[in-house]
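Heads up, the thing below is written out as structure tokens.
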Amino acid sequence: MLGTDIAIDLGTDSVKIYLDGKGIVLSEPAMIAYDEQADKVLAIGKEAYLMLGKTSERISVIRPLTNGVISNFDMAQYIISSYLKKIGGNKVFMPRVVVSVPCAITEVEKRAVVDSISSSGVRKICLIEEPIAAAMGAGLDISTPHGSMVIDVGGGTTDIAVISLSGIAISQSVKIAGNAMDEAIIKYVRRNYNLIIGEKMAEETKIAIGCVYPRKEILTYRVKGRNALNGLPQAVDISCDEVLEALIEPAMEIVRVAQEVLEKTPPELMSDIFSDGIVMTGGSAALYGLGALLAKKTKMKVSIPEEPQNCVVLGAGKAIQYIDDMENKNYGVLNPLSAAY
């Protein structure tokens, strides 16, 4: 086990770990349940997610990563070290790590990511920007002088980038993604039905009947929560058209930013993108109609890989082979990794 290299996708919603030679070995929610009175961690991952919205006053369920960057350093450190122990067992485990970061990350935020991982006894940490990892995971050849456009719609952020020669030619990151869509559903249900629902219920609704483009058949879903006027429990059936009304605003914001990136793209790269189309990755890329909406507004074809939610971690896994090149600087080798620590 000594020296097995790993790749980590540190997402707002989930942490995924890829083991070189084995593939994805761990995919857990990026959540931690913490008992503030006893000052101890009660649960992480799926167990903590089940507690979301159902805790007493002394327990809080925390997301240590917000909008793709670390917002609670100690908790993020705990989650990462726990997951590394889980996949390493009791063996001596000193891997080299490739970790994905948003393209608009600051130096301070980069340092927080590096420090939170290095405390787990890691030999070396290399960073890869999420759109580059997503493109590699989606099977694109990014090493050639050919433009590819990737839109990675995650939980906290949407990263949009034009990639050529293993680097980002132009990019933009927007803090609107899956979680913003959950918020939009919560607000819509409250405004139209005086019904207060939690983020878990909103997410379930989005997965069940969520869409940003009209569906051929009308689907309904029962939403349960608390009546805002009398405080009593209440359930309402809402249709996919109503969810469309709630989600269209954040979806159009993503489309608008994509159009902005296209406007700034050099014409030579633009002709490549026009012939190949746009690739959409990330967990929220699977939302019904998002690809169709983007295709309609940009007048380009949009393709979504088979497992869009795993593209970033698979791409980071493919980038493990470039760790040695960070030191050797081989002539003619273009390295998708952006920094090493």
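The values are calculated or read from the model by the stated rules, or taken from the named source; none is laboratory data. Predicted, not measured: the structure shown is a model, and the values here were computed from it. Here Cβ is always computed from backbone atoms with ideal geometry, including for glycine, and neighbour counts include all displayed protein chains.
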Inset, instruction - Could you give me the residue pairs with C-beta distances under 7 Å whose first residue belongs to the stretch 174-186 and is among the charged types (D, E, K, R), whose second residue is in a helix (DSSP H, G or I) and surrounded by 24 or more Cβ atoms within 10 Å (Cβ to Cβ) wherever it lies, and which are 6+ apart or on separate chains? - result: Asp182/Ala202
Inset, instruction - Six or more apart or on different chains, Cβ under 7 Å: which pairs go from a residue in the stretch 9-33 that's within 21 Å of Cys103 (Cβ to Cβ) to one that's part of a strand (DSSP E or B) and of a type in the set (Ser, Thr, Tyr)? Could you list them? - result: Asp9/Ser100; Leu10/Ser100; Thr12/Thr66; Ser14/Ser27; Lys16/Ser27; Ala30/Ser14
Legend entry - Selected residue (criterion: surrounded by the most Cβ atoms within 10 Å (Cβ to Cβ)) from residues of the stretch 298-320 that are in contact with a helix residue (DSSP H, G or I) (Cβ under 9 Å, 6 or more places away or on another chain) and of a type in the set (Val, Ile, Thr): Val312
Legend entry - Every pair of residues 6+ apart whose Cβ atoms lie under 6 Å, when the first sits in the stretch 191-212 and is surrounded by 22 or more Cβ atoms within 10 Å (Cβ to Cβ) while the second is of a type in the set (Asp, Glu): Ala202/Asp182
Legend entry - Residues being under 23 Å from Glu183 (Cα atoms) and either polar (S, T, N, Q) or buried (at least 16 other Cβ atoms within 10 Å of the Cβ) (or both) - total across the stretch 52-90: 17
Legend entry - Every residue from the stretch 228-261 that is surrounded by 15 or more Cβ atoms within 10 Å (Cβ to Cβ) and of a type in the set (S, T, N, Q): Gln234
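If you check Ser143, Ser81, Ser71, which single one turns out to be on the phi < 0 side of the Ramachandran plot and free of Cβ contacts under 8 Å to residues at least 24 places away in the same chain?
Criteria check complete, one pass: Ser71.
Okay, residues lined up against (1) within 14 Å of Met181 (Cβ to Cβ); (2) outside the structural domain of Met51 (by TED's automatic domain parsing); (3) in contact with a Phe, Trp or Tyr (Cβ under 9 Å, 6 or more places away or on another chain); (4) part of a strand (DSSP E or B):
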{"site": "Glu204", "(1), (2), (3), (4)": "yes, yes, yes, no"}
{"site": "Ile207", "(1), (2), (3), (4)": "yes, yes, no, no"}
{"site": "Glu217", "(1), (2), (3), (4)": "no, yes, no, no"}
{"site": "Val223", "(1), (2), (3), (4)": "no, yes, yes, yes"}
{"site": "Gly231", "(1), (2), (3), (4)": "no, yes, no, no"}
